[in-house]
Amino acid sequence: MILHELVSYEFLRVVWWLLLGVLLIGFALTDGFDMGVGALLPFVGKTDVERRVAINTVGPVWEGNQVWFILGGGAIFAAWPPLYAVSFSGFYLAMFVILAAFIVRPVAFKYRSKRDDPRWRSAWDWALFASGAIPALLFGVAVGNVLQGVPFHFTDDLHTIYEGVWYMKFAGLLDPFSVLAGVVSLSMLVMHGGAWLTLKAEGAVQHRARAIGSVAALVAVAAYAVAGVWMAFGIDGYRIVGDYVTGGPSNPLHFDVERTTTWLTAYAERPWIVVAPVIGILGGVLTFLGLRAGREVSTLLFSKMAILGVISSVGLTMFPFIMPSSSDPQSSLTVWNSSSSHLTLFIMLVVTVIFMPLILMYTAWVYKVLWGKVTEADVTENSHSVY
């Protein structure tokens, strides 16, 4: 017997759906506070030294945090090829904007303090703001579009056709519900950035981060609750009808899919998944209270808890769908019809089991070594060796 056949295809598909969620959540938990700090930068730092304090709270770790983004993209490419093809076709312009922002960010980190000119530094500060706020917003917009269904279909030979003219692949994403999802994402990561600065900074930067972060926490909780109500009464869901095989070959056109009145029927079928939105809301409320009370470590943990709950609620609500089609529901991508082969998923899982613990251990070691606050004295006394 071939070794990979000892593990069922169905099990591997579920495992890689879970691992994709882990990678996306890991990206939000780590690089999320980098983006949040960037979005907060012009508002928490009123002087050059204060802004440098904020920048240096993330300076040593932002590159490592982006590894999660790369791993997530790699996992989509290798484990879910149709999802990679459809998402990059439909969200091409939006992804270009996100990648441009991520390209600008390291340049801004490296070049900001190369010159003492206030206008030079201010320009790079706003570049850091844009490179944090824009991706945070657009990630949420993308999720809002996926929840509503993406206008694509497959031809008989599985060639992807995306409906609409090219410019609608960006402007068309900005419908009211998706913008609301973007507000959830942006405010949640600003909250996360505020919690991080509360832990890593002191003085005026810390106080401003607490104030703005607490407002962002309230906005995130309120926007998330409104989005949930909107989903319940204003957004169609999808479901697979008839008999289907969970361990068969990947072919979206072999499944029959229809629209339903709401995604929230998932909570009637799997009541236990209600724990995810509860964790999301509770985490947001506890983050607000922690920021107002001046707590540090627990506040950051509560912020991570909120992110975990919010992102998990999307995946659990949609399961087994990962990208439904609004123009041709039968073309919808699910866990059961859009994965790589049985052997590919098995080999990837073996590699992940070996290397993921190494990544986690190294990441934990880096954070341990770099533990502690960044002060104004650190910046002024080491002006030529910090950002």
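The values are calculated or read from the model by the stated rules, or taken from the named source; none is laboratory data. Keep in mind it's a predicted model, so treat the numbers as computed, not measured. Note: ideal-geometry Cβ built from the backbone for every residue, glycine included; neighbour counts use all protein chains shown. All accessible areas refer to the heavy atoms of the entire protein, side chains included, with ligands and DNA or RNA removed. Shrake-Rupley method; radii C 1.70, N 1.55, O 1.52, S 1.80 Å.
Mind counting the residues in the stretch 345-377 that are over 25 Å from the mean Cα position of the chain (by Cα) and open to solvent by less than 60 Å² (accessible area, probe 1.4 Å)?
5
List the number of the failed condition for M191; all other conditions in (1) open to solvent by less than 10 Å² (accessible area, probe 1.4 Å); (2) within 18 Å of S325 (Cα to Cα) hold.
The single condition M191 does not satisfy is (2).
From the list V107, V67, exactly one residue is open to solvent by 20 Å² or more (accessible area, probe 1.4 Å) and within 16 Å of the chain's Cα centre (by Cα). Which is it? Give the derivation first.
Working: V107 fails: within 16 Å of the chain's Cα centre (by Cα).
Just a single option satisfies the conditions, and that option is V67.
What's the number of the condition Y84 fails, among (1) touching a residue at least 60 places away in the same chain (Cβ under 8 Å); (2) closer than 20 Å to L18 by Cα; (3) surrounded by fewer than 20 Cβ atoms within 10 Å (Cβ to Cβ); (4) of a type in the set (F, W, Y)?
Of the numbered conditions (1) touching a residue at least 60 places away in the same chain (Cβ under 8 Å); (2) closer than 20 Å to L18 by Cα; (3) surrounded by fewer than 20 Cβ atoms within 10 Å (Cβ to Cβ); (4) of a type in the set (F, W, Y), the odd one out for Y84 is (1).
Only one residue in V146, V183 is modelled with pLDDT of 85 or more, open to solvent by 30 Å² or more (accessible area, probe 1.4 Å) and of a type in the set (V, I, T). Which one? Give the derivation first.
Numbers: V146 fails: open to solvent by 30 Å² or more (accessible area, probe 1.4 Å).
Only one candidate passes the filter, namely V183.
Name the pairs whose Cβ atoms lie under 7 Å apart, with the first residue in the stretch 342-370 and farther than 20 Å from L29 by Cα, the second open to solvent by less than 50 Å² (accessible area, probe 1.4 Å) and of a type in the set (S, T, N, Q), and 6 or more positions between them or separate chains?
L345/S339
In the stretch 360-377, how many are touching a helix residue (DSSP H, G or I) at 6+ places or on another chain (Cβ under 7 Å) and in a helix (DSSP H, G or I)?
3
Looking at the structure I just gave you, is P271 free of Cβ contacts under 8 Å to residues at least 60 places away in the same chain, open to solvent by 60 Å² or more (accessible area, probe 1.4 Å) and not acidic (D, E)? Don't jump to the end; show me each part of the working.
Values: free of Cβ contacts under 8 Å to residues at least 60 places away in the same chain: yes; open to solvent by 60 Å² or more (accessible area, probe 1.4 Å): yes; not acidic (D, E): yes.
When the stated conditions are applied, P271 passes them.
Checking the conditions here, which among S122, S89 is at pLDDT below 90 and over 18 Å from the mean Cα position of the chain (by Cα)? Break it down into steps so the answer makes sense when it comes.
Values: S122 fails: at pLDDT below 90.
Checking each option against the conditions leaves just S89.
Looking at S383, S326, S340, which one is open to solvent by less than 30 Å² (accessible area, probe 1.4 Å) and hydroxyl-bearing (S, T, Y)? Even if it seems obvious, please write down each step before you answer.
Numbers: S383 fails: open to solvent by less than 30 Å² (accessible area, probe 1.4 Å); S326 fails: open to solvent by less than 30 Å² (accessible area, probe 1.4 Å).
Just one listed residue meets the conditions, S340.
Any chance the stretch 279-302 includes a residue that's modelled with pLDDT under 90, open to solvent by 50 Å² or more (accessible area, probe 1.4 Å) and either outside any helix (DSSP H, G or I) or over 29 Å from V335 (Cα atoms) (or both)? Quick ask: steps written out before the conclusion?
Step one: of the stretch 279-302, the residues modelled with pLDDT under 90 are 294.
From the residues that got through so far, the ones that are open to solvent by 50 Å² or more (accessible area, probe 1.4 Å) too are none.
Among the residues of the stretch 279-302, not one is modelled with pLDDT under 90, open to solvent by 50 Å² or more (accessible area, probe 1.4 Å) and either outside any helix (DSSP H, G or I) or over 29 Å from V335 (Cα atoms) (or both), which makes the answer no.
If you check A195 against the conditions, is it modelled with pLDDT of 95 or more, part of a helix (DSSP H, G or I), within 17 Å of S303 (Cβ to Cβ) and touching a helix residue (DSSP H, G or I) at 6+ places or on another chain (Cβ under 6 Å)? Step through it out loud before you land on a result.
Details: modelled with pLDDT of 95 or more: yes; part of a helix (DSSP H, G or I): yes; within 17 Å of S303 (Cβ to Cβ): yes; touching a helix residue (DSSP H, G or I) at 6+ places or on another chain (Cβ under 6 Å): yes.
Yes, satisfied.
Within the stretch 223-241, take every residue that is in contact with a Ser or Thr (Cβ under 9 Å, 6 or more places away or on another chain) and part of a helix (DSSP H, G or I) and give me the one that is most open to solvent (accessible area, probe 1.4 Å).
Top of the filtered list is F233.
Of the residues that make up the stretch 151-172, is at least one within 22 Å of G309 (Cα to Cα) and open to solvent by 40 Å² or more (accessible area, probe 1.4 Å)?
Within the stretch 151-172, the first condition is being within 22 Å of G309 (Cα to Cα), and the residues that meet it are none.
There is no residue in the stretch 151-172 that is within 22 Å of G309 (Cα to Cα) and open to solvent by 40 Å² or more (accessible area, probe 1.4 Å).
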